[in-house]
1. Of all residues in the stretch B:23-61, which are part of a helix (DSSP H, G or I), of a type outside the set (A, V, I, L, M, F, W, C) and open to solvent by 40 Å² or more (accessible area, probe 1.4 Å)?
2. Which numbered condition trips up residue C:25, out of (1) outside any strand (DSSP E or B); (2) within 16 Å of ligand 1 (Cβ to nearest atom)?
3. Determine whether residue C:10 is within 8 Å of ligand 1 (Cβ to nearest atom) and either in contact (Cβ under 8 Å) with a residue 12 or more places away in the chain or within 14 Å of chain A (Cβ to nearest Cβ) (or both).
4. May I ask you to list the residues in the stretch C:173-202 that are in contact with a helix residue (DSSP H, G or I) (Cβ under 6 Å, 6 or more places away or on another chain) and more than 16 Å from ligand 1 (Cβ to nearest atom)?
5. Of the residues C:213, C:240, which single one is modelled with pLDDT under 95, within 24 Å of residue C:169 (Cα to Cα) and either under 15 Å from the mean Cα position of the chain (by Cα) or open to solvent by less than 70 Å² (accessible area, probe 1.4 Å) (or both)?
6. Hey, can you tell me all the residues within the stretch C:163-192 that are under 23 Å from residue C:45 (Cα atoms), free of Cβ contacts under 8 Å to residues at least 60 places away in the same chain and touching a Leu at 6+ places or on another chain (Cβ under 7 Å)?
7. What pairs come up if the first residue lies in the stretch C:22-51 and is closer than 25 Å to residue C:198 by Cβ and within 14 Å of chain A (Cβ to nearest Cβ), the second is more than 7 Å from ligand 1 (Cβ to nearest atom) and assigned to a loop (DSSP other than H, G, I, E, B), and their beta carbons are under 9 Å apart, counting only those six or more places apart or on different chains?
8. Does at least one position in the stretch C:66-89 carry a residue that is in contact with a Ser or Thr (Cβ under 7 Å, 6 or more places away or on another chain), at the interface with another protein chain (Cβ under 10 Å from one of its Cβ atoms) and more than 16 Å from residue A:122 (Cβ to Cβ)?
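The values are calculated or read from the model by the stated rules, or taken from the named source; none is laboratory data. Please read all numbers here as calculations on a predicted model, not as lab measurements. Neighbour counts run over all protein chains shown; Cβ positions are idealised from the backbone, glycine included. The area values use the complete protein model at the heavy-atom level, side chains included, leaving out ligands, DNA and RNA. Shrake-Rupley method; radii C 1.70, N 1.55, O 1.52, S 1.80 Å.
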Amino acid sequence: MNFSLFLAELWNARMSLINGLGNTVLISVVSVLLGSILGVFIGLVMTYGGWFTRFSVRLYIDFLRGTPVFVLILACFYILSVVGFDLSAFQAGVLALTLFCSSHVGEIVRGALIAIPKGQTEAAKSIGLTFGQTFIYVLLPQALRQILPTWVNTATEIVKASTLLSIIGVVELLLATQQVISRTYLSLEFYFFAGFVYFLLNFVIEQAGRAVERRISVP
Amino acid sequence: MNYDFNFSVIWRNWDLLAQGLGLGLFLAIVSIAIGCGIGLLAAFGMLSRQKTLRWIAVAYVSAIRNTPILVLILFCYFALPQLGIALDKISSFIFTLSIYAGAYLAEVFRSGLVALPKGLREAGLAIGLTELKIKTNIIIPVMFRNVLPSLSNNFISLFKDTSLAAAIAVPDLTFYARKINVESFRVIETWMVASMIYVVVCYMIASLLRRLEQRLAIPR
Amino acid sequence: MSPILNISGLHKSFGQVEVLKGIDLTLQQGDVVSLIGSSGSGKTTLLRCVNLLEDFEQGEIELVGETIGYRESSGSQRRRLPEREIARQRAMTGMAFQQFNLFPHMTAVQNVMLGLIKTKRMAKDEARSVAEKWLERVGMEARRDHFPGQLSGGQQQRVAIARAIAMNPQIMLFDEVTSALDPELVAEVLAVVRDLANDGMTMLLVTHEMRFARDVSTKVVFMHQGRIHEEGTSEEMFGAPKTERLQGFLANSQI
Ligand SMILES: Nc1ncnc2c1ncn2[C@@H]1O[C@H](COP(=O)(O)OP(=O)(O)OP(=O)(O)O)[C@@H](O)[C@H]1O
Ligand SMILES: [Mg+2]
């Protein structure tokens, strides 16, 4: 192992690696945001929907959770182009991660909502709140506090899963690293480096999550 | 959308898919077995009174859990040979998946151990068992049954993770699906069938394991 | 003057099981009516119907002259009122629950303010001063910024009562407000209820505290298997119970 050579090559490759990191962050942020919005909607339907919508959404979730993310990504990538949606690899990958995220968030949201005692809804109703008001002021704030740790966990899952987009040719951090490796042959050093960056990324997300959790926790 | 569905290519390659599925299950089973061993050691390490041991175990668990599995797979297969550890594809993949599983299982076992009542160990001491005997005869069996549901979930995600073996050209289900896709251009059919196989197999594993859990559960 | 609450011919079933089999009950301004009766006789269900937390199939509930919950539409069809109407009518009754049901993510004063702001459309400042006034009334002003998790059961129940009564309801409904409490905390909550009763608040309360029921009630109602089995003044019911069932019931509950 030649450390100074590695440092020199790292400096040479800095722009492409930073670009890759930027893409990783972009992919993760967009997928988590869209996936969470969709997921909250799914969670609501699963909790308050009629039996038929509940059943369909259940199928959707079970299908997404039973399929490996990698297969999901490949399927989105190959299938969508065939049926005439002209998505780039980036878009197809983000779509797959969004769907994946939504199934997780949907499950989490439902779990949190049904865990709130029925008395909360009844107390809210009895002071004259409508369903919408009850949801916004009473149920959602309680659910959010419960969801946060698992949701942060899902976010780190998505960051990790974003590496799979390298296989369909999206130049995120891993593929950028691989490109550097194919030029420099420093596979040990650069794979280690990439792993370390992902570790840091997830560490930061987790710490941020903890900080928010402490902030909003109620005695 | 006017797409003519044609599943015949898939049926013709049925044996390949079955082979791939078999290999995936094999990889998952071997890895979870080894991973359980690693996970147990790491769990006891995390709860150890010795600082270094604790530190090593915690570092291992959090490093692996925060690193994408694909990076681990590529690292083990492409980079480790530079350190003189050259394994063939399948061994390398099993090695990676075991280490990966170990980190997740360590966390499962650790919380299982913490949740055990203190009296268990003391009762063992009272009847004159050694610390090791208490661990192997009482603590581990009881803890194992308690964490069985999380163990099942971990096994299922591990099975899904075997799809990544395709990234280093290990011929699993996903590998063959890609092959059939490229050769036949029956894109939709291929991926529909591949993901359905995963979904159904995951579902079957889940119900099988649930039955096992019920059989092994400690009556209360 | 129309009565505060007038229940007539109320029937309610859960699936096949008829739980209320025709209840008629009237409360005038200032009445304090205690519902007593054995477990499963339908006391809670009756209260929940008045608060429109349960649907009911037959009968009518009038609150200060207004029929609540349903509207007779064409013919003899009855229709549940739209949600907004129901919410408004619910705010006319205050309910205190056995399990308090305080909102755990809000402080005591925020718990009381929520309905004032969202239902009564008060400005924040006004809502705060109303809330503080009621917290003071139940002896909780010192703890107004505490979260429910930081309060004892008795304190939580007093905040819950303040939350209900701050809405300025026409009638207060209490469902066994002391039965989830440790014995030493019962008195402080009953003192609050008694204080409100003495102040002329109209109340319908379910209680297993017979001594308390005897002291505060203007009327006592004994329920049995979904019907009102016997009713009368406190003296009549506890001093000279007429039916055998009530005699048996009172003999089994310590006074
Ligand atoms: N949500 C429900 N679904 C089905 N049955 C119910 C439901 N709620 C109450 N019941 C039944 O209705 C009957 C009356 O219940 P209710 O809670 O009104 O009794 P209660 O007089 O308040 O009893 P307690 O003194 O135990 O509180 C009981 O037989 C009960 O099992
Ligand atoms: Mg009751």
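1. At the first step, the residues of the stretch B:23-61 found to be part of a helix (DSSP H, G or I) are B:23-46, B:51-61.
Applying the additional criterion that residues be of a type outside the set (A, V, I, L, M, F, W, C) yields B:24, B:31, B:35, B:37, B:39, B:45, B:51-52, B:54, B:60.
Within the stretch B:23-61, B:51, B:52, B:54, B:60 meet the criteria.
2. Tallying (1) outside any strand (DSSP E or B); (2) within 16 Å of ligand 1 (Cβ to nearest atom), residue C:25 fails exactly one: (1).
3. No: the conditions fail for residue C:10.
4. C:185, C:188, C:189, C:190, C:192, C:194, C:197 - these are the residues of the stretch C:173-202 that are in contact with a helix residue (DSSP H, G or I) (Cβ under 6 Å, 6 or more places away or on another chain) and more than 16 Å from ligand 1 (Cβ to nearest atom).
5. The match here is C:213.
6. Across the stretch C:163-192, the qualifying residues are C:178, C:189.
7. Here the result reads C:47/C:53; C:50/C:68, each pair linking the stretch C:22-51 to a residue that is more than 7 Å from ligand 1 (Cβ to nearest atom) and assigned to a loop (DSSP other than H, G, I, E, B).
8. yes
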